[in-house]
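Trainee: One structure follows; several queries about it will come next.
Coordinate-derived values only; no laboratory data. This is a predicted model, so every value here is computed, not measured. All Cβ positions, glycine included, derive from the backbone under ideal geometry; neighbour counts span all protein chains shown.
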Amino acid sequence: MDTLLELQNLTLSLGQRQVLGGIGLSIARGDIHALVGANGAGKSCLAYAIMGCEGYRPQQGTILFEGRRIDELPIQVRARLGITLAWQEPARFEGLRVSDYLHLGSPPGDPITALEAVGLSPTEYLDRPVDNTLSGGERKRIELAAIITMRPKLAILDEPAAGIDLLSLDELVAAIQAMQSIGSTILLITHVEQVAAHADRASQLCGGQIVCQGETQAVIENYKARRCRRCDGEICRHV
Ligand SMILES: Nc1ncnc2c1ncn2[C@@H]1O[C@H](COP(=O)(O)OP(=O)(O)OP(=O)(O)O)[C@@H](O)[C@H]1O
């Protein structure tokens with residue numbers, strides 16, 4: 001396997017609370033890897049730790065990206081190496097138009113193709129401001145379009161389906177697959193089975209620990225059946 005990202009024994013405490021406890025995870029280059037788990041399982045914290053967000057530096061463990069240790073590197077260096085994160089709450093930029101936003105940093109991809117990939121009409125959206133005059137779902141799609149234009153090596157998507165209407169979930173999946181087809185590897189954090197089901201592999205998180213990983217459907221079934229190693233093989237108390 002050509003491993004893009006490898007986490008070894010990653011442990012993160014915030015204040016008195018341990019939110020990640022000895023995470024081991026490998027993600028293959030080119031894969032969509034789904035991360036599932038109940039509210040509070042630690043999915044977003046893991047995303048922030050990989051991205052290098054302020055305040056989320058692990059106390060223990062190693063993060064390897066393309067075989068290079070990155071856990072001591074600041075967020076902007078990790079971004080330059082090709083890691084990007086789409087936050088659970090999509091960004092607002094008062095005064096910035098969608099076309100400016102999609103051209104920020106002169107990304108390699110074409111903003112028009114990217115907007116079409118997320119199901120938004122370029123003629124209708126390019127001149128609109130990226131502020132609260134857009135719905136949450138529209139901002140979420142525009143953020144995904146920005147990632148498509150960036151062509152990162154690793155895109156971490158935190159709940160990309162949040163705020164996306166049920167009928168548009170297939171379009172969201174198509175946009176994620178478009179990212180994959182242009183070479184990005186995707187860590188896909190989602191509660192929506194219809195979206196997670198399209199991943200190549202998956203991991204299940206409970207209480208800051210990976211309790212199951214492997215073939216996507218098997219992990220989803222394990223999660224839905226509430227099987228959880230951490231909860232002593234009993235019904236998971238956290239689902
Ligand atoms: N800055 C912080 N300080 C203290 N505790 C935090 C902080 N951020 C998150 N936590 C706690 O860490 C745990 C994991 O939170 P996280 O946001 O990673 O969960 P999640 O799996 O993404 O949940 P959800 O599905 O609800 O988004 C939670 O118990 C949360 O309250």
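Trainee: Using the number of other C-beta atoms within 10 angstrom as an exposure proxy, rank L12, L187, L46, L169 with the fewest first.
Mentor: Ascending Cβ contact count within 10 Å gives the list L169, L12, L187, L46.
Trainee: Taking a cut-off of 21 Å, what percent of all Cα-Cα pairs in region 52-151 are separated by more than that?
Mentor: For region 52-151, the share of Cα pairs beyond 21 Å comes to 41 percent.
Trainee: With N set to the number of residues, divide the alpha-carbon radius of gyration of region 1-124 by 2.2 N^0.38 Å and report two decimals.
Mentor: For region 1-124, the normalised Cα radius of gyration is 1.23.
Trainee: Counting helices only, and only those DSSP H runs with n ≥ 4, report the 222 nm mean residue ellipticity of the chain as the sum of -39,500 (n - 2.57) divided by its residues, in deg cm²/dmol to the nearest 500.
Mentor: -8500 deg cm²/dmol
Trainee: Please find, in a Gaussian network model of the chain (springs between Cα atoms separated by less than 10 Å), the residue of V192, V19, V219 whose mean-square fluctuation is greatest.
Mentor: Maximum among the listed residues: V192.
Trainee: Let me ask you something else. Taking Cα centroids, how far is region 6-62 from region 157-211 in Å?
Mentor: After rounding, the separation between the Cα centres reads 17 Å.
Trainee: Here's a follow-up. Of S99, S44, S181, which is the most mobile in a GNM of the chain whose springs link Cα atoms less than 10 angstrom apart?
Mentor: Largest GNM mean-square fluctuation: S181.
Trainee: Quick one: what do you get for the chain if you divide its Cα Rg by 2.2 N^0.38 Å?
Mentor: The value comes to 1.00.
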